[in-house]
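Notes for the one structure printed next.
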Amino acid sequence: MSEKSKIIVAGAGIAGLCLALVLKKHGVAVRVVERSPELTEVGAGIQISANGMRVLRWLGLEAEMRAVACNPRFFRAVDWRDGHELHTIAYREDHYQLHRADLLNVLKAHLPTDRATYEADALIGADGIHSTVREILFGDDRPRFAGQICWRFVVDSDKLAAVPKPLTWHGPNGHIVMYPVSAGRRVNVDAAAPSK
């Protein structure tokens, strides 16, 4: 691909927007198209470790990330029965925890997205688990159940007695993860367990 090439990225999720920003920084003409009429608040909390933050920093997004994320220094794992500590992970570098919608808002502020039709030299499919691009290229490919179920939700911090520090409760057949997102205004909760 030359710098004069025109690229279309199908999908304005985290992967598509990040890729488009990287291409744009390298001087490639890129356009992001999205089938949804608008990008809405979908999903729950996500964590971005040091390697991911290096990319976002290189893209010049660190200040915007700091405004919407939490950056804990550690993550504790405790036993589900009595809360005694099993281990603690100390982060040596930035490790951001934020709501997926907050990250999407940071990314999409730097790129226009639309639903128009374009011609380009290349099409990159970043259109998610039900990818139209993948289906066109490779045929129908349905997701396969991995034997795990995860319930995810976000709670407003002002509804809680206290905002928890990042924590995982481990049990014999599952775990619950809690950590603050949205600069501490909300708390993400994931509960995972095996299922048939």
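Numbers at a glance
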| quantity | calculated |
| --- | --- |
| Flag if Leu39 is out of contact with any Phe, Trp or Tyr (no Cβ under 7 Å at 6 or more places or on another chain) and at pLDDT 95 or above | no |
| Total residues in the range 105-143, condition touching a helix residue (DSSP H, G or I) at 6+ places or on another chain (Cβ under 7 Å) and of a type outside the set (Val, Ile, Thr) | 9 |
| Qualifying residue in the range 66-78 (condition: in contact (Cβ under 8 Å) with a residue 60 or more places away in the chain and exposed (fewer than 14 other Cβ atoms within 10 Å of the Cβ)) | yes |
| Residue match in the range 80-89 (condition: part of a loop (DSSP other than H, G, I, E, B) and under 19 Å from the mean Cα position of the chain (by Cα)) | no |
| Conditions (1) modelled with pLDDT under 95; (2) outside any strand (DSSP E or B); number of the one not met by Leu21 | (1) |
| Scope the range 80-130; condition within 23 Å of Ala29 (Cα to Cα), among the hydroxyl-bearing types (Ser, Thr, Tyr) and touching a residue at least 24 places away in the same chain (Cβ under 8 Å); matching residues | Thr113, Tyr118 |
| Matching entry among Ala116, Ala126, Ala109 (being over 22 Å from the mean Cα position of the chain (by Cα) and not basic (Lys, Arg)) | Ala116 |
| Check on Ala44, closer than 19 Å to Trp169 by Cβ, of a type outside the set (Ser, Thr, Tyr) and touching a helix residue (DSSP H, G or I) at 6+ places or on another chain (Cβ under 7 Å) | yes |
| Residue identified as outside any loop (DSSP other than H, G, I, E, B) and of a type in the set (A, V, I, L, M, F, W, C) among Val42, Val55 | Val55 |
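Quick grid of which residues meet (1) surrounded by 14 or more Cβ atoms within 10 Å (Cβ to Cβ); (2) touching a residue at least 40 places away in the same chain (Cβ under 8 Å):
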| site | (1), (2) |
| --- | --- |
| Val133 | yes, yes |
| Trp151 | no, yes |
| Asp156 | no, no |
| Pro180 | yes, yes |
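The values are calculated or read from the model by the stated rules, or taken from the named source; none is laboratory data. Computed from a prediction, not measured in an experiment: that's the story for all the values here. Heads up, the Cβs are rebuilt from the backbone with ideal geometry, glycines too, and the neighbour counts pull from every protein chain shown.
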